[in-house]
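*Asks:* Here it is, the structure, as structure tokens.
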Amino acid sequence: MHQRRNLGRMFLLITVLLFGFASAQKVVQLSYCSVAENNLRMDCKYALPAESPEPFCKYTQGERILDTTDPDEEQHSSYKSRAKARIFPGNICRLLFKNLSKGKSNFTCNIRQGDSATATKTSMVEKKLLLPCSAWSVLLQSCSSLLLTLMTVSTLL
């Protein structure tokens with residue numbers, strides 16, 4: 001009798017934990033490219049549970065908010081004319097950032113849905129290595145393993 005009760009409790013605990021992981025949002029990919037000489041475009045692809053309301057998206061550098069889609073949070077004053085975040089179809093939050101400084105910069109995408117935990121992903125962008133935005137550069141960043149496989153297969157044939 002005691003073992004059945006413990007087994008039932010463990011089953012309930014595992015079910016609750018698995019449901020919690022399955023229902024959370026997550027950042028799948030963070031890709032970036034240059035739109036113009038000094039301007040950055042960063043796309044944050046995220047996954048949501050089925051039938052979820054639209055989440056809030058925020059880009060940060062450290063504690064500073066570059067921009068956010070959450071009306072309850074305020075963009076840092078020095079970025080008001082330089083950064084714009086928007087949600088696009090296909091679960092993408094895009095940041096357009098003007099006047100990217102020389103050197104390396106960390107950008108963090110934060111996706112939050114309601115009162116749930118925030119999913120984040122950070123990328124370091126080095127201006128001199130930034131590729132111009134084109135279908136090819138976006139494909140290289142997002143599907144490099146697929147491209148490598150296709151090129152290897154075509155070479156072997």
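*Asks:* If we only count strands (runs of 3 or more DSSP E) wholly inside region 66-134, which ones have 2 or more residues that are touching a Ser or Thr at 6+ places or on another chain (Cβ under 6 Å) and of a type in the set (S, T, N, Q)?
*Replies:* 104-112, 119-126
*Asks:* For region 96-132, how many residues meet the condition of being in contact with a strand residue (DSSP E or B) (Cβ under 6 Å, 6 or more places away or on another chain), farther than 27 Å from residue 24 by Cβ and open to solvent by 70 Å² or more (accessible area, probe 1.4 Å)?
*Replies:* Final tally of qualifying residues: 5.
*Asks:* Residues of region 53-65 being in a loop (DSSP other than H, G, I, E, B) and open to solvent by 40 Å² or more (accessible area, probe 1.4 Å), which ones?
*Replies:* Passing the criteria: 53, 54, 62, 63.
*Asks:* In region 83-95, what residues are out of contact with any Asp or Glu (no Cβ under 9 Å at 6 or more places or on another chain) and either small (Gly, Ala, Ser) or surrounded by fewer than 17 Cβ atoms within 10 Å (Cβ to Cβ) (or both)?
*Replies:* Selection gives 89, 90.
The values are calculated or read from the model by the stated rules, or taken from the named source; none is laboratory data. Just so we're clear, the structure is a prediction, and the values are computed from it rather than from any experiment. Every residue, glycine among them, receives a Cβ derived from its backbone with ideal geometry; neighbour counts consider all protein chains shown. SASA here: full protein model, heavy atoms, side chains in, ligands and nucleic acids out. Shrake-Rupley method; radii C 1.70, N 1.55, O 1.52, S 1.80 Å.
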